[in-house]
Amino acid sequence: MALRTNGLMGVDWEQRVDFERLRVERLDRIKNLLKQSELGALLCFDMNNIRYITATTIGTWAMDKIARFCLLPQNDEPINWDFGSAAKHHKLYCPWLGEERSRPGISTLRGAMPPGAGRAEDVARKIRIELEERGLLNEPLGVDVIEMPVLVALQKEGIKVVDGQKLMQDARVIKTQDEITLLNTACMMVDAAYEELYRFLKPGVRENECVGLASKVLYDIGSEHVEGINAISGERCSPHPHVFSDRYLRPGDPAYFDILHAYMGYRTCYYRTFAVGSASPALVDAYKRCRYYLDVAIEGIKPGATTADIAKLWPKAEEFGFPNEEAAFALQYGHGVGLSIWEKPVFSRLVSLEHPEVIQEGMVFALETFWPSSDGWSAARIEEQLVVTKDGCEVITRFPAEELLIAGVRYYTATGPLAPTREIENHKNVQYGNGDQPWEEASRPGGNHRDAVVASAKGEAIGSR
């Protein structure tokens, strides 16, 4: 059965997201993994890890500041040091933290604080006191990400700092029931954004306008953070630049998009490719191949399979114009999706063949493929997000993508609809006869003009009859 799609409200007449259960199950998961580890405690500065452990967050402006931090000691509850007045807010509105476990605490703000102000030393002192009280000072302290001054200050306090990021990744790799519901809801929002984008695309529209439109749709529906939108068109499609511009769309352009946003913290990574007005035969062929590599990967997803099994199904970098796998990284790719992207597991010929990871029920990840067109400048890009089930997987990105969609106004000629598959240069779409009036004998490549019109009306490619 397909995953349920709910409204965003809380109601008393349906079981929807249970946020108390979400908080408890996430914290229990990392507590259990911490207990099985050699770490005495876990110190996190990454906002997504802090949210996973403490169920607190502040504005997305703070994502790159490394200003907040939380400590999860062995066999104890988390302590959260937050940005100024946010700590007082959490005391009022986050009763699961208790009165004493939401505290103010400021780090160095990525070096913006004067070194002599002692902010790094203050952070280290706070952590040392908590570890000492619990008899954990001599145990390894796992840390996810850290500023160098804070690292040095912790070491001066006699604390052994080790990697804690892997433990957090291991905790987050299997999603709870409520996490899956939130991820599915986030994808539903992008379905709606693509519907509006499809209606909006036409010659004269700029890539940045597409970004603005999709962002508005998402925020209007209830997104808390549009992390980024790739909007790539025309000759910018190959090689993939991974950034949008102010380029204007033109007739016959390919245009692909990746929409990354968060609902209740849970992300999407969701590509679709369109053609504006019409598509060249080269783009149609590229899309078919791109779709094929994605579909064979999806078919292979099931518990017990490995990331290597999937990566082997994809073409080598040299087969689509790159010298090695590092140069082609993330074009044939898979990655976990949760409170951030990218999470475990990673699917890539760069790392997966020699370091495979086992696919497990409850994982949520995205698979994405790319194929450049034979014309040398256009390309296709598709991505699906899915949930691993007990016997396979369920795709939760539902905007149509099994075939290349033509966006924009359909054009009509004096003899009928303009063919949806055509070259972008007009003269390449007509062949002339050799008689006294060659224009009267004009035909489309692959068939005469009448056949082309009939094929177009049926949605067929030129020459398919």
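Pairs needed: first member in region 8-23, in a loop (DSSP other than H, G, I, E, B); second member anywhere, among the basic types (Lys, Arg) and surrounded by 13 or more Cβ atoms within 10 Å (Cβ to Cβ); C-beta distance under 7 Å; at least 6 residues apart or different chains.
Here the result reads 10/16, each pair linking region 8-23 to a residue that is among the basic types (Lys, Arg) and surrounded by 13 or more Cβ atoms within 10 Å (Cβ to Cβ).
Taking residue 46 as the residue in question, decide whether it is closer than 18 Å to residue 169 by Cα, of a type in the set (Asp, Glu), in contact with a helix residue (DSSP H, G or I) (Cβ under 8 Å, 6 or more places away or on another chain) and crowded, with 17+ Cβ neighbours inside 10 Å.
Spelling it out, residue 46 is indeed closer than 18 Å to residue 169 by Cα, of a type in the set (Asp, Glu), in contact with a helix residue (DSSP H, G or I) (Cβ under 8 Å, 6 or more places away or on another chain) and crowded, with 17+ Cβ neighbours inside 10 Å.
Would you be able to say whether some residue in region 262-270 is out of contact with any Gly (no Cβ under 8 Å at 6 or more places or on another chain), surrounded by 19 or more Cβ atoms within 10 Å (Cβ to Cβ), at positive phi and among the hydrophobic types (A, V, I, L, M, F, W, C)?
Yes: one or more hits.
Would you mention how many residues in region 97-115 are in a loop (DSSP other than H, G, I, E, B), closer than 12 Å to residue 77 by Cα and in contact with a helix residue (DSSP H, G or I) (Cβ under 7 Å, 6 or more places away or on another chain)?
Final tally of qualifying residues: 0.
Among the listed residues 369, 413, identify the single one that is buried (at least 18 other Cβ atoms within 10 Å of the Cβ), of a type in the set (Val, Ile, Thr) and farther than 30 Å from residue 47 by Cβ.
369
All but one of (1) in contact with a Ser or Thr (Cβ under 9 Å, 6 or more places away or on another chain); (2) part of a loop (DSSP other than H, G, I, E, B); (3) at pLDDT 95 or above; (4) closer than 30 Å to residue 132 by Cα hold for residue 80; which doesn't?
Residue 80 satisfies all of (1) in contact with a Ser or Thr (Cβ under 9 Å, 6 or more places away or on another chain); (2) part of a loop (DSSP other than H, G, I, E, B); (3) at pLDDT 95 or above; (4) closer than 30 Å to residue 132 by Cα except (2).
Could you check region 239-261 and list, in sequence order, the residues that are under 20 Å from residue 340 (Cβ atoms), in contact with a Gly (Cβ under 6 Å, 6 or more places away or on another chain) and in a loop (DSSP other than H, G, I, E, B)?
Listed by number, the list is empty, since nothing qualifies.
So, in region 208-231, how many residues would count as being buried (at least 16 other Cβ atoms within 10 Å of the Cβ) and within 21 Å of residue 341 (Cβ to Cβ)?
Going through region 208-231 one residue at a time, the tally reaches 16.
Among (1) crowded, with 19+ Cβ neighbours inside 10 Å; (2) farther than 17 Å from residue 142 by Cα; (3) free of Cβ contacts under 8 Å to residues at least 60 places away in the same chain, there is one condition residue 61 misses while meeting the rest; what is its number?
Residue 61 satisfies every listed condition except (1).
Can you tell me how many residues in region 271-318 are in a helix (DSSP H, G or I), closer than 13 Å to residue 368 by Cα and among the β-branched types (Val, Ile, Thr)?
3
Is it the case that residue 235 is over 20 Å from the mean Cα position of the chain (by Cα), outside any loop (DSSP other than H, G, I, E, B), in contact (Cβ under 8 Å) with a residue 12 or more places away in the chain and closer than 30 Å to residue 320 by Cβ?
Judged against the criteria, residue 235 is a match.
Looking only at region 184-205, decide whether some residue is at pLDDT 95 or above, in a strand (DSSP E or B) and surrounded by fewer than 17 Cβ atoms within 10 Å (Cβ to Cβ).
No, region 184-205 contains no residue that is at pLDDT 95 or above, in a strand (DSSP E or B) and surrounded by fewer than 17 Cβ atoms within 10 Å (Cβ to Cβ).
Could you please give the count of residues in region 212-231 that are outside any loop (DSSP other than H, G, I, E, B) and touching a helix residue (DSSP H, G or I) at 6+ places or on another chain (Cβ under 7 Å)?
Final tally of qualifying residues: 9.
Inside region 161-215, can you point out the residues that are among the polar types (S, T, N, Q) and either in contact (Cβ under 8 Å) with a residue 60 or more places away in the chain or not assigned by TED's automatic domain parsing to the domain that holds residue 272 (or both)?
Once the filter is applied, which keeps residues that are among the polar types (S, T, N, Q) and either in contact (Cβ under 8 Å) with a residue 60 or more places away in the chain or not assigned by TED's automatic domain parsing to the domain that holds residue 272 (or both), region 161-215 yields 165, 169, 176, 177, 181, 184, 185.
Pick out, from region 319-403, the strands (runs of 3 or more DSSP E) lying fully within it that include 3 or more residues that are out of contact with any helix residue (DSSP H, G or I) (no Cβ under 7 Å at 6 or more places or on another chain) and of a type outside the set (A, V, I, L, M, F, W, C).
Ranges flagged: 333-336.
I need the full set of residues from region 324-350 which are among the β-branched types (Val, Ile, Thr) and surrounded by fewer than 24 Cβ atoms within 10 Å (Cβ to Cβ), in order please.
Within region 324-350, 341, 346 qualify.
Name the residue, out of 157, 179, that is under 18 Å from the mean Cα position of the chain (by Cα) and closer than 28 Å to residue 70 by Cα.
Exactly one of 157, 179 is under 18 Å from the mean Cα position of the chain (by Cα) and closer than 28 Å to residue 70 by Cα, namely 179.
Could you please tell me which pairs satisfy a Cβ distance under 6 Å, a separation of 6+ or placement on different chains, a first residue in region 390-405 that is assigned by TED's automatic domain parsing to the domain that holds residue 369 and surrounded by 15 or more Cβ atoms within 10 Å (Cβ to Cβ), and a second residue that is in a loop (DSSP other than H, G, I, E, B) and β-branched (Val, Ile, Thr)?
393/301
On the basis of being among the acidic types (Asp, Glu) and crowded, with 18+ Cβ neighbours inside 10 Å, does residue 246 make the cut?
no
The values are calculated or read from the model by the stated rules, or taken from the named source; none is laboratory data. Everything numeric here is computed off the predicted structure, so don't read it as measured data. Glycine gets a Cβ as well: all are built from the backbone with ideal geometry, and neighbour counts include every protein chain shown.
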